[in-house]
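J.: Once you've had a glance at the structure underneath, I'll fire off some questions.
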Number of protein chains: 2
Amino acid sequence: MSLLSRNNIKHDFSYDLNVFKIPRGTRDFTPGEMEKRRYVEECMMSTFKTFGYREIQTPMFENLDLFTAKSGDAVIDEIYSFTDKGGRNLSLRPELTAPVIRFYVDKLQMEPKPLKLFYFGNCFRYDRPQKGRYREFKQAGCEIIGTDNPEAYAELIAMAYKLLKNVGLENITLSIGNLNILSSMFDKLEISKDEQKYLIPLIDKSQFEDVFEALQDFGVEKENANSFLDVIQNSDVNKILNYIKGDKTAEQELSNLMKILKLLETSFDVNYQIKMSIVRGLDYYKGIVFEIEAPSLGAEKQICGGGAYELIPLFGGRETPTAGFALGFDRTILALEIEKYNLPSPKLDFYVVPINEDMISKSLEIAQKLRGQGASVDVDLLRRGVGKSLKYASSINTKKTILIGPKELQENSVTLRDMNTGDQKLIKIKDIVNLIG
Amino acid sequence: MSLLSRNNIKHDFSYDLNVFKIPRGTRDFTPGEMEKRRYVEECMMSTFKTFGYREIQTPMFENLDLFTAKSGDAVIDEIYSFTDKGGRNLSLRPELTAPVIRFYVDKLQMEPKPLKLFYFGNCFRYDRPQKGRYREFKQAGCEIIGTDNPEAYAELIAMAYKLLKNVGLENITLSIGNLNILSSMFDKLEISKDEQKYLIPLIDKSQFEDVFEALQDFGVEKENANSFLDVIQNSDVNKILNYIKGDKTAEQELSNLMKILKLLETSFDVNYQIKMSIVRGLDYYKGIVFEIEAPSLGAEKQICGGGAYELIPLFGGRETPTAGFALGFDRTILALEIEKYNLPSPKLDFYVVPINEDMISKSLEIAQKLRGQGASVDVDLLRRGVGKSLKYASSINTKKTILIGPKELQENSVTLRDMNTGDQKLIKIKDIVNLIG
């Protein structure tokens, strides 16, 4: 009892020290970091738009039942759920697909098809914080609703790939699988649904020796287990075809997969590999699935995952083909940093320095004139004089400094200094706006 | 007991019906709404940048104590607070100033001054939902840290005003007050701090008759109460000066206020009114305060509020002059809609239609070529033929449609249709990229 109370005191004490710290697993972003993040977001956004996708947004929290309906009650252990003052069970969103499909079922079912939607949003998971894993993280994602033609899937996968390439990532690998074919392979081995549930996580983690043992435990002959694993691991089209021969549904799926792959090559110039071991570990995926990895990220290398799935009927909507992907925004940034990609760093166009107090009004006026032309302009607001101002202007990455003094002002002129070369010249005030562009 | 259990059943039942509804007081945003919101955000962002401000971001939730330290325990009734799985008391942020100052104290104190920071972020309040008030709402805001010169305040206030003007708002009014002058006016009447706390909300709501009665209850002579109210209500500079004459601090504050107002007129061409009844109802404001209203919004007309304040020492940082403002993003959009401002509605540049299945691959390829030039391009992914495709392209606001058929393709050509005029012409595939720009 006395130990317990001492622990309590200690806990309270350490808690007090953390009062004004950032919550564990979350991040603040400095101006430099935000400039990177905005640049990446804009690249992604403009790629989505070039593919005819349009942006939507949903709330930061949803009714808890939305997520348990999709992912089961176990998800509660990993999410930020809470009860609001009206007694509602809510949860910060752990992902964006469920909210988007809820939105679609609620308000967008009558929109012309195919509906192409993209979104950015912060998501929340109560996870042990580690490199590339945060409790608040940002995702990008999209959904195409209303078509299951191969060209639709090819375009979707190509977009995911181009999105990351356009952002500047060099080293990424795209893998494509098909869950319907995998399912028919399970059927051939007479593996029950429960047994599949045991195998799928092992396949997902490429623990193929464990898969082999489990298959034998489930009564699969050694030879059959070997050829199953051969197809899964090598993902050779002819081997797959051989394995599923006679299963008409699986043959049709493979034929569609081949059409998608052909379009990726010929129309989109996208490199890929077939990977039959992609399972995405989720009940609602079906048919085509794909993943994009940035190998430089090590253990947390997957930066994009998606495919065709069925979630609309579960949320009360009319069945419609749906596919989409989610993309880890933070991991994309991390991968860019590892590749030492030089994100453009914006400069301040002008720094305006009033030489004395009487020059302040004119300085602000000239600054405002330049802003009206779209230039970014800062003014010395500390009255620190020319020397210190030039030093500061240089420290914040300024292109040009404008010095405003009484003598020059009498001739309607100011001094313009190029911060790169150090060159200075007199310039008429009326000509200043011509500096923009 | 039986009544209680019936109520429980009823509650559970209505709850089940809401499972896949959006949480009360929150919103989904359609593509059309998002295009408006992004346009407004970009206008605001580029205005912030022209003033030399740089963007930062903080987490969606903070330790609860951060907000109670700033606003008192009463704030708990209005916010989304919850306990995480590690027993931490957290809260979805109800506003952005406290998190930003926490960030500054934690990581940015050593940055060169003045530090100019802006931010956008969603905030959360457990409030009765009504027009212009949501439980999740978006705010824009900024902070300037490290200077209290009049030119810094003038620039800050001018930026708030320009921000809303640049977004497209016509009808806004800017009011400026000063809490130090108000405070010295209270002192002259020998009003205690507790009495001030009673009066301030009444002044905030312009309930001047109640102020008059309260002043008399507090022992202020009728004549003195009248002249106090005359100054507060009419905000005439000469009357203020007369009232505070002899109070050196207040005279200095008024002189600074006059400098700020002069700069707003001469350097920034900004219209304003003095309003001594601005109190902002917050303990940590001091000195200059201002508000911008959009009168068209009626009861919820305030869209921006700010001023100088002192929060850094409370959060454990070294005292530094700080000023900033918060701007209601949702109310700004609402005011634009009331003013019937025409936000630019983006069009799709091209819609590409494969005339038959064999044309799909080439269609995707041409679409991709156009996207590579930055154009927004959609392709018929439903194989619905020319007629229906043209109808769809028109419904999604397409500029030009490209029809791809076998005969034209043999001559390396496609048919280009202007969706505005209906004109069609043959065009060589190699010339298609010249259509951009």
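Readers should treat all values here as calculations from the given coordinates under stated rules, not as data from a laboratory. Predicted model only: the values in this text are computed from it and were never measured. All Cβ positions, even for glycine, are placed from backbone atoms using ideal geometry, and neighbour counts span all protein chains on display.
J.: Quick one: with label points 7 Å out along Cα→Cβ, list the inter-copy distances for B:Q410 in nm, shortest first?
T.: 8.4
J.: Test of the criteria: in the stretch B:210-266, which trypsin sites (Lys or Arg not before Pro) are in a DSSP loop and have at most 15 other Cβ atoms within 10 angstrom of their Cβ?
T.: Sparse-neighbourhood loop trypsin sites (Lys or Arg not before Pro): B:K245.
J.: Next question, about the same structure. Among all the lysines, which ones have a C-alpha under 18 Å from A:K205's C-alpha, if same-chain residues fewer than 8 places away are not counted?
T.: Within the straight-line cut-off, A:K205 pairs with A:K197, A:K275, A:K301.
J.: What does the charge count around B:G372 come to, taking other residues whose C-beta lies under 12 Å from its C-beta (Lys +1, Arg +1, Asp -1, Glu -1)?
T.: For residues surrounding B:G372, the net value is +2.
J.: Which lysines, on any chain, are close to A:K193 with Cα under 17 Å apart, when same-chain ones fewer than 8 places away are left out?
T.: Partners found: A:K286.
J.: May I pose another question? For chain B, which longest stretch is free of loop sites, where a loop site is one of the GluC sites (Glu not before Pro) that DSSP puts outside H, G, I, E and B and that has at most 16 other Cβ atoms within 10 Å?
T.: In short, B:1-169.
J.: To the nearest 20 debye, what is the magnitude of the charge dipole of the protein assembly as shown about its Cα centre, counting +1 on the Cβ of each Lys and Arg and -1 on the Cβ of each Asp and Glu?
T.: The dipole of the protein assembly as shown has a size of about 1600 debye.
J.: Mind jotting down the three principal axis lengths of the stretch A:354-428 based on Cα atoms? Whole angstrom, largest first.
T.: Here the Cα extents, ordered largest to smallest, are 29, 27, 24 Å.
J.: Identify, for chain B, the residue whose C-beta comes nearest the rotation axis onto chain A, and round that distance to whole Å.
T.: Closest Cβ to the B-to-A rotation axis, residue and whole-Å distance: B:F82, 2.
J.: Compute the label-point distances linking B:S394 to its equivalents in the other copies; points lie 7 Å from Cα along Cα→Cβ; give nm, one decimal, shortest first.
T.: Distances to the matching label points in the other copies: 6.4 nm.
J.: Pick from A:D65, A:D194, A:D423 the residue whose mean-square fluctuation is largest in a GNM of chain A, springs joining Cα atoms under 10 Å.
T.: A:D423
J.: Most mobile of B:L96, B:L327, B:L343 per a Gaussian network model of chain B (Cα springs, under 10 Å)?
T.: B:L343
J.: To the nearest 20 Debye, how big is the dipole of chain A about its Cα centre, given +1 on the beta carbon of each Lys and Arg and -1 on that of each Asp and Glu?
T.: Charge dipole, chain A, about its Cα centre: 2060 debye, nearest 20.
J.: Something else: Kindly state, as a whole number, the per residue volume in cubic angstrom of the convex hull around the alpha carbon atoms of the stretch B:298-428.
T.: Spelled out: Cα convex hull of the stretch B:298-428, divided by residues, is 216 Å³.
J.: At a 10 Å Cβ-Cβ cut-off, how would you order B:M159, A:M60, A:M34, fewest neighbours first?
T.: In order of increasing Cβ crowding within 10 Å: A:M34, A:M60, B:M159.
J.: Just how many % of Cα pairs in chain B lie over 35 Å apart, if you round to the nearest whole percent?
T.: Counting pairs separated by more than 35 Å, the tail of P(r) holds 48 percent.
J.: Name the residue from A:N89, B:S206, B:G246 whose Cα lies farthest towards the positive end of the charge dipole of the protein assembly as shown, charges +1 on Cβ of Lys and Arg and -1 on Cβ of Asp and Glu.
T.: So the residue we want is B:G246.
J.: Compare B:V379, B:V289, B:V75 in a GNM of chain B, Cα atoms joined below 10 Å, and give the one with the largest fluctuation.
T.: Its mean-square fluctuation being the largest, the pick is B:V379.
J.: I've got another one for you. With each label point set 7 Å from Cα along the Cα-Cβ vector, what nm distance links A:N342 and B:E42?
T.: 2.7
J.: Further question: Beyond 21 Å between alpha-carbons counts as too far, so tell me which of A:K113/B:K391; A:K340/A:K391; B:K49/B:K165; A:K36/A:K162 fall in that bin.
T.: A:K340/A:K391
J.: Mean Kyte-Doolittle of at least 0.0 plus a Cα span of 20 Å or more along the axis: flag which DSSP H helices in chain A meet both, please.
T.: A:150-167
J.: Now for a separate question. Copy-to-copy spacing for B:D269, label 7 Å out on the Cα-to-C-beta vector, in nm, shortest first?
T.: 4.8
J.: Sum up the charges of everything whose Cβ sits under 12 Å from the Cβ of B:S175, counting Lys and Arg as +1 and Asp and Glu as -1, but leave B:S175 out.
T.: Taking every Cβ under 12 Å from that of B:S175, the sum is +1.
J.: With the contact rule set at Cα under 8 Å and sequence spacing of 6 or more, what percent relative contact order holds for the stretch A:348-435?
T.: Computed value for the stretch A:348-435: 31 percent relative contact order.
J.: When you look at the Cβ of every residue in B:375-385, what mean number of other chain Cβ atoms sits within 10 Å?
T.: 6
J.: With unit charges on the beta carbon (Lys/Arg positive, Asp/Glu negative), name the residue among B:V352, B:Y53, B:P313 whose Cα is farthest towards the positive pole of the charge dipole of chain B.
T.: Towards the positive end, the residue furthest out is B:V352.
J.: With each run of n ≥ 4 DSSP H residues scored as -39500 (n - 2.57), what mean residue ellipticity at 222 nm is computed for the protein assembly as shown after dividing by its residue count and rounding to the nearest 500 deg cm²/dmol?
T.: Per the formula, -13000 deg cm²/dmol.
J.: What residue among A:P129, A:N63, A:N149 has its Cα farthest toward the positive end of the dipole of the stretch A:52-168, where the charges are +1 on Lys, Arg and -1 on Asp, Glu, each on the Cβ?
T.: A:P129
J.: Antiparallel as a % of all DSSP beta bridges within chain B, to the nearest 5?
T.: 80
J.: Just need the relative contact order of chain A here, percent rounded to a whole number, with Cα pairs under 8 Å and 6+ apart.
T.: That works out to 15 percent.
J.: A further question on this structure: Looking at the stretch A:348-435 only, what percent of DSSP beta bridges run antiparallel? Nearest 5 please.
T.: 50
J.: What number comes out for the charge environment of A:N166, summing +1 per Lys or Arg and -1 per Asp or Glu over other residues with Cβ under 13 Å away?
T.: Around A:N166, the surrounding residues sum to +1.
J.: A further question follows. Taking the alpha carbon gyration tensor of the protein assembly as shown, what are the square roots of 5 times its eigenvalues, largest first, to the nearest whole Å?
T.: They are 55, 35, 26 Å, listed largest first.
J.: Just the number, please: Stokes-Einstein D of the stretch B:173-293 in µm²/s, Kirkwood Rh from C-alpha pairs, 20 °C, 1.002 mPa s.
T.: Answer from the Stokes-Einstein relation: 146 µm²/s.
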